[in-house]
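What follows is a short report on a single structure.
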Amino acid sequence: MSSSATTTGRFPQDFLFGSATAAYQVEGAWNEDGKGESIWDRMLHEHPDYVRDRQNGDVSANSYHLYKDDVKALKELGAHFYRFSIAWTRIMPTGEAHKINQPGIDYYNNLINELLANGIQPMVTMYHWDLPQWLQDLGGWTNPIMVDYFEDYARFLFERYGDRVKWWFTFNEPSVFAAGYATERQMAPSLNKPGVGDYLASHHVLIAHARAYHLYDKHYRPTQQGKVSIALMSNWYEPRSDSTEDIAASDRAMQFSIGLYAHPIFSSAGDYPAIVRELVDKNSKAEGRPRSRLPVFSKDMIEYIKGTSDFYSLNYYTCRLVSPGITKHDPALRPDAEVSSHADPSWPTTASEWIKVVPWGLRKAINWVHKQYNGPTIVITENGVPDNGKLEDLSRISYYRVHLAEVLKSIHEDGCNVKGFTTWSLLDNFEWNSGYTEKFGLYFVDYSDPARTRKAKASVQFLKQIIRTRELPEETQKP
Ligand code: GBE
C-alpha cells in the first residue's frame, strides 16, 4: 500500500485551494479601452526575438473578454479562490493616479463580482511585472519616486476593490522581476546593470511594499478586514554534499534568493540578511567603489519594513544542488552569493528546461521559512509544471500528487502552518521568454482558434477530487 493519504493525513478544514494567473500572461487586449503601454508591451513589440516563439501578450488567452469562461473553469475545478493580477496600465494608463481609465476599473469590478457570485474569493496581485512604460521612462524601480506612485496605485485599489477583495499581494517575485534591471533579453525592462540595477530596484520595491502595507493597516484594515502579503519565489537550494562549504553555500543561496526580500519583512531583526550585507559590501569595496552596490536602510526604515506582511506567500517550482562557485543562469543567485548551482541528473525532467521534479525541496523550503521567520502562516501561492500539449496531462497529475504529499508532511509531521495551495496556472498562457511553448494550464487554450476555447485537462478532475475530499487519492487509483 502506497497511500500518501493514510500516512500523511488530510488537508485541514480551513485549508484553501485555488489557481493563479497574471494579467500580461492571460488578458490580451493590450491596447483596448484605454489601456496604457507597459514595459512588457514595449519590450516585446521592439524585440520579438527575446521570446522563443517570437510571440507576445497582445491577445494571449483573451481573458479581458473571456473572464466569464475563466470563472466557469474555476467553478468546475471547485477552487476556493482565484489569484489574478491587475494591470496597472488598465487602471492608470501612465501609472499616474490623476488619470484613471474607467473601462479598466470596470473590468476588474466585473471579474471580482463574477467570482464572488460563484463563491470564489478573489486574491489580487497588484504588480506582476507589467510596470507602466511612462514610469519606466523615469527609471522604473531604480527611482525612489516609484514608492509614491505605487502607494497611490495601492490606495486606489484598496479604495475601489477592498470592500470585496480580502487578500492582497503587493508584488509577485521581486527576485525575478528585479533581474530585469540586471540582465538583457529576459525580463523587462532588460536594463543590463547587474549587481547595481537589481539591488536598487529591490530596495525600492521593499519600501513600496511596506508603504502599501502600512496604508492598508492604518486606513483600510479596520473596515475592510483583509490581509496583505508579498509573493516570494522560494525554490530550494540543497547543499551538494554535507561538507561545511556546501552547507554554507546553501545558506547563501537561500539568503540571496529569498532572504534579501523576506528578512527585512519577516525576521525579528529586520534589514537585509547579514551575509548578503557582508558579501555585497566586501565585493563593492574590492571593486574600488565609494559605496556598496546594495543600498542601506536607515534604522527607521528597518523598523518601518519589519512585520509588513500578514502571512508568507511561497512560490515553489524546483530545486538545485549548490556548492561554492559562481552561477550564470539563475538571476536569483547573483555572483555576490558565490554559489554554483546544478540540477542533479537523476531528477525527473519536465517539459520545461529549468523545472526538475524535486518535491522534497518544497518541504525543505517550507521548513526553512518556518524556522527562519518564527513559524508564519504560509500560503503556497504558485506551484506547477508545463505539459507536452495533451489533454491527458498525466505528468502534471503526478507532479501535483508528489508536491501535495510534501505539503501534507510539512503540516502533519513538521508542524508548519501551511494554509493554502495555488496551482500555476489556471490556463495555458504567455510564459514570458518561452512564449506559448510552455503550457502551464490546468485548462488547455486553443491558440489556433480566435475564440480561444478552454478545455479541461485530466488534472482538473484529479485536483477537483482532492479539493472536495481534502485528501490525496491512492497512487493506483485512476484520476
Ligand atoms: C513564476 O516565475 C511566475 O510568477 C509566473 O508568472 C510564471 O509563469 C511561472 O513562475 C512559471 O515560470 O535558463 O532554463 O534556467 C529560467 C518563475 C527562466 C520565474 C524560470 C525565468 C523561472 C523566471 C531559464 N526563469 N521564472 S533557464
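The values are calculated or read from the model by the stated rules, or taken from the named source; none is laboratory data. All of these numbers come straight from a predicted model, not from anything done at the bench. Methodologically, a virtual Cβ is constructed for each residue, glycine included, from the backbone with ideal geometry; neighbour enumeration extends over all protein chains shown. Just the protein is used for accessible areas: all its heavy atoms, side chains included, with ligands, DNA and RNA removed. Shrake-Rupley method; radii C 1.70, N 1.55, O 1.52, S 1.80 Å.
At 4 °C and a viscosity of 1.567 mPa s, what translational diffusion coefficient does Stokes-Einstein give for region 303-446, taking Rh as the Kirkwood radius over Cα pairs? Give it in µm²/s as a whole number.
D = 78 µm²/s.
Output ³J(HN,Hα) for region 128-133: one whole-Hz value per residue in order, computed from phi by the Karplus curve 6.51 cos²θ - 1.76 cosθ + 1.60 with θ = phi - 60°, and x for Gly and Pro.
My calculation for region 128-133 gives 10, 5, 9, 4, x, 4 Hz in order.
Per DSSP H run of at least 4 residues, take -39500 (n - 2.57); add these up for the chain, divide by its residues and hand me the 222 nm value, nearest 500 deg cm²/dmol.
-11000 deg cm²/dmol
Dividing the alpha-carbon Rg of region 157-204 by 2.2 N^0.38 Å yields what?
Here the answer is 1.50, to two decimals.
Starting from 0.36 nm per residue, how many nanometres of slack lie between residue 31 and residue 225 once their C-alpha separation is accounted for?
Extra length from residue 31 to residue 225 when fully extended: 66.4 nm.
Multiply the residue separation of residue 291 and residue 68 by 0.36 nm, subtract the distance between their alpha-carbon atoms, and state the gained length in nm to one decimal.
That pair, residue 291 and residue 68, stretches by 75.0 nm at full extension.
I want the local charge near residue 408. Using Cβ-Cβ distances under 12 Å, sum +1 for each Lys or Arg and -1 for each Asp or Glu among the other residues.
Here the charged neighbours net out to +1.
Beyond 30 Å, what share of the Cα-Cα pairs of the chain remains, rounded to the nearest whole percent?
I get 42 percent for the Cα pairs in the chain exceeding 30 Å.
Just tell me which aspartates and glutamates come within less than 18 Å, Cα to Cα, of residue 99; anything on the same chain fewer than 8 places away is out.
Result set, ordered by chain and number: 32, 33, 37, 130, 137, 148, 151, 152, 159.
Which net charge results for the neighbourhood of residue 87, defined as the other residues with beta-carbon distances under 9 angstrom from its beta-carbon, given Lys and Arg at +1 and Asp and Glu at -1?
Net charge around residue 87: 0.
Could you compute how much accessible surface residue 434 exposes when probed at 1.4 Å, giving the result in Å² to the nearest 10?
The accessible area of residue 434 comes to roughly 20 Å².
Where in region 151-190 does the label zone of residue 437 land, with the point 7 angstrom along Cα→C-beta and an amide N cut-off under 19 Å?
Label zone hits: 184-188.
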